[in-house]
1. Out of the residues in the range 26-60 meeting the condition of being within 16 Å of ligand 1 (Cβ to nearest atom) and among the small types (Gly, Ala, Ser), tell me which one is surrounded by the most Cβ atoms within 10 Å (Cβ to Cβ).
2. Considering only the range 45-62, how many residues are out of contact with any strand residue (DSSP E or B) (no Cβ under 9 Å at 6 or more places or on another chain) and within 12 Å of ligand 2 (Cβ to nearest atom)?
3. So which residues in the range 65-95 are farther than 12 Å from Asn35 by Cβ and among the small types (Gly, Ala, Ser), if there are any at all?
4. Inspect all residues belonging to the range 70-84 and state whether any of them is more than 21 Å from the chain's Cα centre (by Cα), charged (D, E, K, R) and surrounded by fewer than 14 Cβ atoms within 10 Å (Cβ to Cβ).
5. Would you list the strands (runs of 3 or more DSSP E) that sit entirely within the range 7-75 and hold 1 or more residues that are in contact (Cβ under 8 Å) with a residue 60 or more places away in the chain and of a type in the set (A, V, I, L, M, F, W, C)?
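Readers should treat all values here as calculations from the given coordinates under stated rules, not as data from a laboratory. This is a predicted model, so every value here is computed, not measured. Every residue, glycine as well, gets a Cβ built from its backbone with ideal geometry; the counts of neighbours run over all protein chains shown.
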Amino acid sequence: MLFDYLFGKKECTHNKIPLEVDCAYCPDCGELVENQWFILRCACCGVKVRAMIRNGKIVPVDKHCTNCGMAEFNVERLEKVNFINVAYAVLMKKAVHSENIDFTQSWVDVASSGTSRGKLGLLK
Ligand SMILES: [Zn+2]
Ligand SMILES: [Zn+2]
C-alpha cells in the first residue's frame, strides 16, 4: 500500500477474484484476471522450495535449497493448485488482455466506393 502511494500509482490488486477460479472479471477494475499458480524448484535437486512474490517476481523465501544448498531455482507453472502443492504455491493475479483477438473484418464493398461516379451515362 505504501509502495503504491509513494509512486502515485494505483494499480488494482484484483483482490476480489476468488482463488478457486481459473479466471474472472475483477469487480474493481473490470479486467479479465487469470489466477496463475507457480512453484519454485531447486535447479539442482528438484525439491520444491517455499516461494513468495516480491516486486512482481517469484523469489525463494530462503536463499539456498535446504536439501542441497544450491541457490538456483526454476519457476514452474501449475495448471491447478492442489493440496500437495498449496504450501509451496504462489499466486499471481494477471490481467489478461484480449487485444490479440481481432474481430475486425473488412466488409466494405470496394465496388460501392464511388470511384466510377460521373463516368456513367450514355456517351453516344
Ligand atoms: Zn482489478
Ligand atoms: Zn536442491
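1. For the range 26-60, the residue satisfying everything is Gly30.
2. The number of residues fulfilling the criteria is 1.
3. Once the filter is applied, which keeps residues that are farther than 12 Å from Asn35 by Cβ and among the small types (Gly, Ala, Ser), the range 65-95 yields Gly69, Ala71, Ala87.
4. Yes, the range 70-84 contains a residue that is more than 21 Å from the chain's Cα centre (by Cα), charged (D, E, K, R) and surrounded by fewer than 14 Cβ atoms within 10 Å (Cβ to Cβ).
5. Numbers: elements: 23-25, 32-42, 51-54, 57-60.
Output list reads 23-25, 32-42.
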